[in-house]
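These notes concern the structure reproduced below.
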Amino acid sequence: MRLPQPDKPGSQPGILIVLVVLALLLTTMWFREGANGPVHKVRLGVQAVTAPVGAVGEFATRPIRGVFGWASDLGVSRSQLEALRAQNAVLRARVASLEEARLENERLQALVRLVQTAQLKSLGARVIGRPQEWDRVITIDRGTADGVKSGMPVVGASSNTSGTAGLLGQTTDVTAHSAEVRLISDQGSGVAGLVQASRAEGIVHGSIDGALSLDFVSHESTVRAGDVVVTSGLGGTFPKGLLVGEVTKIKNQPSSLYQDITLAPSADLNGLEEVIVLVGAVNSGTTGGGD
């Protein structure tokens, strides 16, 4: 037995034709009649009836539309925030680069001023090897090919913001393109020093822990905390007048023949990056750092 099939949409095209014709007639009447025509009046009536319903719907959906709008704005804010973060990272990198260049310029200016003031023949170098705890020696990227010899004085920038430079040490083992510099804080180093204020003379020695001391200063000599110590020029290893350090502590023990004087180095012995080798400033025939 064959069951009746349901009518498919579009199987009765007459209804669609009637609706189309009706729409055309209403559109024609709308444009031909005046503002007081029947079609206009029907439209106004329908609008008056449906207006309250539309107002209720608009009121009911306002919170939902507000949430969607907030979410949309939040998405835009997040994207803008990510863009600002990226720009901030770029700007911070630029600031760090400029600050590094500024600090390097200050260090180099201090070294140049020292060399110009003392009228010393010099050679710039970069530190390529850091000191160790047991051996306070650095390595620089200049050697015999650049005119560096063993026993030449080496100066570096100050550890503070005074814009000065101080004595680091002297070259020891030298190759064609590098040289080792024994720092004044090394226990095997010795520098003839002079207290500027009282003209008291002594020997600046390093130690195992890197502390500096001014030895062989008699009790009769006046030395105060804060006094500046420079090279005396005795011994011919270091030119006279190079900053060595500043007196930080003094002990006078009756049982000792000399004062116990502790110094803070003028040059930054730890964060070294650039140095100046005083080429030909003195006779560079000695090694090992002792005067």
Exclusive hit being within 37 Å of the chain's Cα centre (by Cα), in a strand (DSSP E or B) and either under 25 Å from Ser150 (Cα atoms) or modelled with pLDDT of 85 or more (or both), set Gly245, Gly226: Gly245
For residues that are of a type outside the set (Phe, Trp, Tyr) and touching an Asp or Glu at 6+ places or on another chain (Cβ under 9 Å), tally how many sit in segment 215-227. 6
Kindly evaluate Val229 against the criterion of being surrounded by 15 or more Cβ atoms within 10 Å (Cβ to Cβ) and over 18 Å from Ala200 (Cα atoms). no
Of these, Gln259, Gln253, which one is more than 26 Å from Ser122 (Cβ to Cβ) and crowded, with 20+ Cβ neighbours inside 10 Å? Gln259
Does Val174 count as at pLDDT 90 or above and surrounded by 22 or more Cβ atoms within 10 Å (Cβ to Cβ)? yes
Quick check, is Gly206 in contact with a Leu (Cβ under 6 Å, 6 or more places away or on another chain) and more than 28 Å from Ala145 (Cβ to Cβ)? no
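The values are calculated or read from the model by the stated rules, or taken from the named source; none is laboratory data. Nothing here was measured: the structure is a model prediction, and the numbers come from that model. Positions of Cβ are generated from backbone atoms using ideal geometry, with glycine treated the same way; all protein chains shown enter the neighbour counts.
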